[in-house]
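Worksheet: the structure to be examined is printed underneath.
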Amino acid sequence: MSSTVIEAEEKKVRGSGDEYVAKTELHHLITHELKKSQHVKENVTIKPRSKPLAKTTLAQKLVDQLYETYASKPSKSFGFFNGKIEENRSQVYVKKYFVDNDLDFKSFSVDMANALAAEARRSSAATGGHVFIAQFTHAKKDYLLVAIINDEYAIALNEEEERGDELEEVGFLNLKGLRFAGQINVTAWKNSEDRYLSFLKGTGDVADYFKRFLACDSSISNLSDTQSLTSVVEKFAWSVKIDDKPLSDEQRDDFLKKVDNYCREMADSSLELHLEEFSNVVWPRDPEALKSALAESDTPISDGFVPHKKGLLGLVKFRGKSQHWSLSFDREAIAEGNIQLLEDDSIKLSDVPSHLIDSLRREISGS
């Protein structure tokens, strides 16, 4: 997209009279050109930009859209820096910029772009494009987002008849077609949390490309991912609506049973669970709604984990125990009224087996 187009569009935004409400707090934004040529030994090169983009309304809108597009993608892997600083230099540059303050943003971005180009030379999946690097804050957390965005073209109607051409070709940045992107939750990294790196998980070399660039160890914890998935689908079951009405108890139970059965089948066969396919299968009515819920999980869920049966406990069955007793029941018992939670937080059991009643009577009468 040419600078003249950006400047013209910026004037429209400023003159529209509508004040834009930003979704993130933009600190820095820059783009470098990633060029990939055929039949050339050094077939991937970086054409760096001389300075960061100005923090205009359009720049803010771009970062907001880029963040939202990335966040809405359910197929992501999460991890942490692998510590192999000789092989993957990006983690060195991140420390120099965010911790040591040895680099300004422009120099840091060029180092990161060159690290990306080095990995692109090793990947058949890599393509050229605009390398956007954005530093911003969202929900009091600092982020660095790196994405490769390509130009697209569309035919637009020119309503200025005196110009002669009624139709014209207009270039734009294709954010919806985002395939190569990764993000660092800088706040989580500084707080020594477990998962602060993420990247879009495509197929084959697409995933490996950005994984290597970010120096990401994406070792998956099947149990924690299963527990996070369980938490999200339970909240989803209580919040989702059909025809503006919450799910009935029967609909909710059917949905959760479907989730439980799907996950257990995957666990039994040691198959990876992919969030997009999972959403399509268990909630075909509106899979996008479930995908969004999974993508927005407070605890990141890695795409491609193998469900762990222990993490499914509570999805259909409830269990609890103290020093002297243990209790287990499923949701159907609640639906049929056999389990009731009373106002004093005690639990009332109905339809108790006769042999248990007889044993209790003998015990109590003999004491």
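The values are calculated or read from the model by the stated rules, or taken from the named source; none is laboratory data. Bear in mind that the values here come from a model prediction, so they are computed numbers and not experimental data. Virtual Cβ from ideal backbone geometry, glycine too; neighbours counted across all protein chains shown.
For this structure, a couple of remarks:
- Condition check for Thr226: in contact with a strand residue (DSSP E or B) (Cβ under 9 Å, 6 or more places away or on another chain) and assigned by TED's automatic domain parsing to the domain that holds Ser297: yes
- Subset of region 265-283 [in contact (Cβ under 8 Å) with a residue 60 or more places away in the chain and touching a helix residue (DSSP H, G or I) at 6+ places or on another chain (Cβ under 9 Å)]: Leu275, Glu276, Ser279
- Meeting the requirement of 1 or more residues that are touching a residue at least 24 places away in the same chain (Cβ under 8 Å), polar (S, T, N, Q) and touching a Ser or Thr at 6+ places or on another chain (Cβ under 8 Å), the strands (runs of 3 or more DSSP E) wholly within region 123-196 are 129-138, 180-185.
- Test: residue in region 85-102 that is among the polar types (S, T, N, Q), in contact (Cβ under 8 Å) with a residue 40 or more places away in the chain and more than 24 Å from Asn150 (Cβ to Cβ): yes
- Single condition Ser198 does not satisfy, out of (1) outside the structural domain of Lys96 (by TED's automatic domain parsing); (2) surrounded by 20 or more Cβ atoms within 10 Å (Cβ to Cβ): (1)
- When we screen Lys258, Lys235, Lys291 for residues that are charged (D, E, K, R), more than 28 Å from Phe199 (Cβ to Cβ) and outside the structural domain of Lys73 (by TED's automatic domain parsing), the only hit is Lys258.
- Positions within region 175-204 being closer than 21 Å to Ser124 by Cα and out of contact with any Cys (no Cβ under 9 Å at 6 or more places or on another chain), in sequence order: Gly177, Leu178, Arg179, Phe180, Ala181, Leu200, Lys201, Gly202, Thr203, Gly204
- Qualifying residue in region 70-83 (condition: outside any helix (DSSP H, G or I), more than 21 Å from the chain's Cα centre (by Cα) and either assigned by TED's automatic domain parsing to the domain that holds His32 or in contact (Cβ under 8 Å) with a residue 12 or more places away in the chain (or both)): yes
- Test: residue in region 97-120 that is part of a strand (DSSP E or B), surrounded by fewer than 19 Cβ atoms within 10 Å (Cβ to Cβ), in contact with a strand residue (DSSP E or B) (Cβ under 6 Å, 6 or more places away or on another chain) and in the same structural domain as Val186 (by TED's automatic domain parsing): no
- Per this entry, Ser297 is not counted among residues that are outside the structural domain of Asp142 (by TED's automatic domain parsing), in contact (Cβ under 8 Å) with a residue 12 or more places away in the chain, on the phi > 0 side of the Ramachandran plot and of a type outside the set (Phe, Trp, Tyr).
- Residue within region 330-338 that is modelled with pLDDT of 90 or more, touching a helix residue (DSSP H, G or I) at 6+ places or on another chain (Cβ under 8 Å) and crowded, with 17+ Cβ neighbours inside 10 Å present: no
- Here Glu265 passes the criteria (1) surrounded by fewer than 16 Cβ atoms within 10 Å (Cβ to Cβ); (2) touching a strand residue (DSSP E or B) at 6+ places or on another chain (Cβ under 9 Å); (3) modelled with pLDDT of 95 or more except the one numbered (2).
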